[in-house]
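Working notes for the structure below.
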Amino acid sequence: LWTASNIIEDSIARVREQVGSDRVLLGLSGGVDSSVVAALLHRAIGDQLTCVFVDNGLLRLGEGDQVMSTFARHMGVNVIRVDAEDRFLGRLKGVSDPEQKRKIIGNTFIEVFDDEASKLQDVNWLAQGTIYPDVIESAGAKTGKAKVIKSHHNVGGLPEEMNLQLVEPLRELFKDEVRKIGIELGLPSEMVYRHPFPGPGLGVRILGEVQKDFAKTLRLADHIFIEELRRADLYEQVSQAFAVFLPVRSVGVVGDNRLYAHVIALRAVETIDFMTARWAHLPYDFLDLVCRRIANEVEGVSRVVYDITGKPPGTIEWE
Ligand code: XMP
């Protein structure tokens with residue numbers, strides 16, 4: 001019988017048998033899959049698990065603190081938080097080509113993760129949040145937009161001498177099953193039912209060159225959009241929603257002053273498989289409210305637009 005608790009019991013037994021008393025390393029991104037692996041492994045092997053959470057400076061508002069509070073504070077999981085914002089932003093300086101940015105973010109991630117991993121003593125296993133669709137997908141890999149974080153958490157990206165073996169407890173599960181398990185393991189439902197977030201994070205939502213103040217503006221605008229979607233009970237009706245920072249400036253007016261500032265685009269889509277999507281027909285009043293809040297509350301934004309491009313012809317992300 002398939003129930004979340006049966007699957008959990010079964011996975012726990014398998015992991016224990018697999019790793020024995022060895023230590024396991026996990027790259028925790030805060031996404032659904034790695035979060036569920038963290039919760040599952042913590043239940044199975046407790047302190048034998050060490051998670052590394054890399055803050056690349058391209059996360060959503062409060063995301064790093066949320067990960068630390070959920071896992072480290074509430075669940076007592078060993079989590080090493082690495083503040084690598086300067087390293088990532090330094091590497092991205094002057095780079096505006098989307099594929100180049102993806103590569104840099106992926107490679108920097110490997111470096112940071114390797115540095116942390118090599119500081120740890122006697123780790124023999126690397127855990128990954130690979131789920132069944134990833135197994136299928138990597139068989140016929142999508143070029144250019146490979147799941148950077150996931151593909152780089154593999155053994156190939158780690159120092160040879162570490163010789164890590166893989167633990168992939170979600171390998172046979174679909175997303176909805178992973179979510180049920182997450183809930184059963186006590187993860188907050190906002191975390192488990194969160195929209196997907198790309199490995200390169202805000203790096204592909206700030207068009208062109210990534211700058212620290214652009215990231216700050218985008219984080220605030222995105223947070224308002226998501227907060228209002230939740231408040232209006234629309235969050236779970238759309239498959240993915242986010243804000244995009246456009247590095248063009250447009251003229252606006254605030255009180256008696258002329259404003260010449262940046263543009264924020266809002267994107268919300270409905271999709272089953274993320275291969276095709278339609279733009280979400282969000283209510284005009286709702287969009288109006290979000291636009292007003294962003295324009296009033298976020299400095300450096302003069303205009304807000306809503307993306308009405310389907311996939312195809314657009315992709316879901318703007319880069
Ligand atoms: P696109 O933009 O190709 O996105 O329509 C389809 C889905 O994939 C996500 N996405 C990524 N996820 N690394 C990821 O882990 C990436 O480089 C990446 N690029 C796109 C996107 O958010 C959407 O859910």
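Descriptive notes on the structure:
- The residues listed here are F88, F113; of these, the one that is within 19 Å of the chain's Cα centre (by Cα) and closer than 17 Å to L25 by Cβ is F113.
- Residue list for the range 201-238, restricted to those being of a type in the set (S, T, N, Q), in a loop (DSSP other than H, G, I, E, B) and touching a Phe, Trp or Tyr at 6+ places or on another chain (Cβ under 7 Å): none
- Taking each residue of the range 64-88 that is within 17 Å of L41 (Cβ to Cβ) and in contact (Cβ under 8 Å) with a residue 40 or more places away in the chain and looking for partners that are of a type outside the set (A, V, I, L, M) and surrounded by fewer than 17 Cβ atoms within 10 Å (Cβ to Cβ) with beta-carbon atoms closer than 7 Å, six or more apart or interchain, yields T70/P188.
- Count of the range 246-271 residues which are modelled with pLDDT under 95 and either assigned to a loop (DSSP other than H, G, I, E, B) or closer than 17 Å to G314 by Cβ (or both): 2
- Scan of the range 294-306 for residues that are surrounded by fewer than 18 Cβ atoms within 10 Å (Cβ to Cβ) and either in contact (Cβ under 8 Å) with a residue 24 or more places away in the chain or in contact with a Ser or Thr (Cβ under 6 Å, 6 or more places away or on another chain) (or both), ordered by number: E297, E299, G300, V305, Y306
- Lone unmet requirement of (1) in contact (Cβ under 8 Å) with a residue 60 or more places away in the chain; (2) out of contact with any helix residue (DSSP H, G or I) (no Cβ under 7 Å at 6 or more places or on another chain) for F225: (2)
- Residue in the range 213-236 that is in contact with a Gly (Cβ under 6 Å, 6 or more places away or on another chain), charged (D, E, K, R) and more than 30 Å from G90 (Cβ to Cβ) present: no
- Unique match (being at pLDDT 95 or above and more than 25 Å from K175 (Cβ to Cβ)) among R60, R91, R102, R43: R91
- Under the condition of being at pLDDT 95 or above and either outside the structural domain of Q128 (by TED's automatic domain parsing) or within 16 Å of the ligand (Cβ to nearest atom) (or both), the residues counted in the range 146-173 number 1.
Residue-wise test of (1) of a type in the set (F, W, Y); (2) under 16 Å from E317 (Cβ atoms); (3) away from the ligand (no atom under 16 Å from the Cβ); (4) crowded, with 20+ Cβ neighbours inside 10 Å.
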site: Y193; (1), (2), (3), (4): yes, no, no, no
site: L202; (1), (2), (3), (4): no, yes, no, yes
site: D213; (1), (2), (3), (4): no, no, yes, no
site: D222; (1), (2), (3), (4): no, yes, no, yes
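- When the range 46-81 is filtered for residues that are touching a helix residue (DSSP H, G or I) at 6+ places or on another chain (Cβ under 9 Å), within 26 Å of S21 (Cα to Cα) and surrounded by fewer than 16 Cβ atoms within 10 Å (Cβ to Cβ), only G76 remains.
The values are calculated or read from the model by the stated rules, or taken from the named source; none is laboratory data. Since the model is a prediction, treat every value here as computed from it, not as a measurement. Counting neighbours? That spans all protein chains shown, and the Cβs are built from the backbone with ideal geometry, glycine included.
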